[in-house]
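> Got a structure here, written out as structure tokens. Questions coming.
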Amino acid sequence: MRIPTEPIGSIPRPRYLIEAMGAFAEGRIDAAALAENQEKALADTISRLTETGSPVLTDGEQGKPSFATYPLAGLDSLAPDGVVIPFADGHTRQLPRLTAGPFRYATHADEYLRTARKLTDLPVKQAVIAPSAISLIYPQDGIDGYPREAFLADLVDQAEADIRRSLEAGADSVQLDFTEGRLSLKLDPSGGLLQSFVDLNNQVLDRFSAEERARIGVHTCPGGDQDSVHSLDVDYAGLLPALFSLRAGRFYLQLASEPDPRRVLEIVREHSRPEQRIFVGVTDPVDPVVETAQQVRDRVRLAAEYLPADRLGTCDDCGFSPFADDTSTSRDIAFAKIAARVEGTRLAFE
């Protein structure tokens, strides 16, 4: 059995696509022109990922406005003044605020998956946003006639549909992006918010069979945007025990950027369950230096001191461009890091 290796999701968009997205937002081009640029970027992404030797592909999120907000694109019941997420370098990202119910996804992730699968015979995984992240769009002061309980019930239905549609469309696996997990401990050090996120996500995961959950994974990282993070200063020890109570079969863990990976791996060994496969991050998308295959090999061998090889996989710490306008990492660097991950994982296996 080889050690599986997978990308997390986003690849930096080419300049022509970023410019087309801006032109579309300003009304200077129509939807057909935007789609043409997205299709061109997707084809190039699939081709270059294949050239890295990656055994599993993603669409690179070329068509998503961001990893977090794709289900909301096109909804008219949103205001722009939602939750603000601060990053360590001082910049922020802001979520929209829901203004009316009932809540429905405007876009489902299988739409991206179906387009990507037409371009390759290799397995394609699909990233989806965790329901816990979408729950943040509901305002603290509520919505008249649409209580939070009703919103959460609708959200669970929509999140289940998002995952199920991707599985039925042939996804090799479906990955829930749960970057708000570690951030929640900064917002609420008591852990109450984190536990509410885990409970909500488990409501969705419980709707799938054991066989289906084996193909569903959870990705966690401290954020990665414009070469900065939002919660790397939060101790991993506060997150990991709760993380592994999520009823998923795969976990994709940021690890390459951790200052003390042995300590993290000890916690993973203690709290993960035998049926859970652990994909450890071996490349750091926030660091512009491209790792060597030998560095990756050694990071895999370190993880293998704590986890049996048949439960081990590798990944990038996080996506390279989770928000469409993030140009802090070039496409060339992203693909070089992915190629190093693939080769380093092969060397570790040998």
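The values are calculated or read from the model by the stated rules, or taken from the named source; none is laboratory data. What you see is a predicted model; the values in this text were computed from it and never measured. Ideal geometry is used to build each Cβ from the backbone, glycine not excepted, and the neighbour counts take in all protein chains shown. Side chains included, ligands, DNA and RNA excluded: accessible areas come from the protein's heavy atoms. Shrake-Rupley method; radii C 1.70, N 1.55, O 1.52, S 1.80 Å.
> Assuming R0 = 35 Å, what is the FRET efficiency of ASP325 and ARG104, from their Cβ-Cβ distance, to the nearest 0.05?
Efficiency, from the Cβ-Cβ distance: 0.85.
> If you don't mind, another one. May I ask what percent, to the nearest 5, of DSSP beta bridges between residues of the chain are antiparallel?
Counting only bridges with both partners in the chain, antiparallel ones make up about 25 percent.
> Further question: With the cut-off at 1.5 for a/c, could you classify the stretch 59-102 from its C-alpha gyration tensor as rounded, prolate or oblate?
Since a/c reaches 1.5 but b/c is at least a/b, the shape of the stretch 59-102 is classed as oblate.
> Assigning unit charges at the beta carbon (Lys, Arg +1; Asp, Glu -1) and nothing else, what dipole magnitude in debye, to the nearest 20, does the stretch 110-194 show about its Cα centre?
380 debye
> I'd like the Kirkwood hydrodynamic radius of the chain, using the inverse of the mean 1/r over distinct C-alpha pairs, in Å.
20.3 Å
> Kindly state, to the nearest 0.05, the FRET efficiency for ALA23 paired with LYS118, given R0 = 22 Å and r defined as their beta-carbon distance.
After rounding, the FRET efficiency stands at 0.30.
> Compute the length gained on full extension between ALA43 and LEU302: take 0.36 nm times their separation in residues and subtract their Cα-Cα distance, giving the result in nm to one decimal.
89.7 nm
> On to the next question. Quickly estimate the mean residue ellipticity at 222 nm for the chain, helices only: each DSSP H run with n ≥ 4 gives -39500 (n - 2.57), and the total goes over all residues, rounded to 500.
Helix contribution divided over all residues of the chain: -12000 deg cm²/dmol.
> Over what distance in Å are the Cα centres of the stretch 29-101 and the stretch 220-247 separated?
21 Å
> Next question, about the same structure. Can you give the local net charge around VAL282? Use residues other than it whose beta-carbon is closer than 14 angstrom to its beta-carbon, Lys and Arg +1, Asp and Glu -1.
Its environment carries a net charge of -3.
> Taking a probe of 1.4 angstrom, what is the accessible area of LYS125 in Å², to the nearest 10?
0 Å²
> Here is a follow-up. From the protein chains alone at 1.4 Å, what is the descending order of accessible area for GLU212, GLU270, largest first?
These residues rank, largest area first, as GLU270, GLU212.
> To continue, here is another question. Averaged over every viewing direction, what's the projected area of the C-alpha convex hull for the stretch 135-221? Give it in nm², one decimal, please.
6.5 nm²
> Moving on to the next point. With a probe of 1.4 Å, find how much accessible area the stretch 215-350 has per residue, and write the answer as a whole number in Å².
About 36 Å² of surface per residue is accessible.
> If you average the sequence gap of Cα pairs under 8 Å that are 6 or more apart and divide by the length of the stretch 193-337, what percent do you get for the contact order?
Relative contact order, the stretch 193-337: 28 percent.
> Whose amide H sits under 5 Å from the amide H of GLY313, counting only residues 5 or more places off or on another chain, with H placed in the peptide plane?
ILE278, PHE279, VAL280
> Based on alpha-carbon centroids, what's the gap between the stretch 272-318 and the stretch 125-189 in Å, whole number please?
So the separation of the two Cα centres works out to 27 Å.
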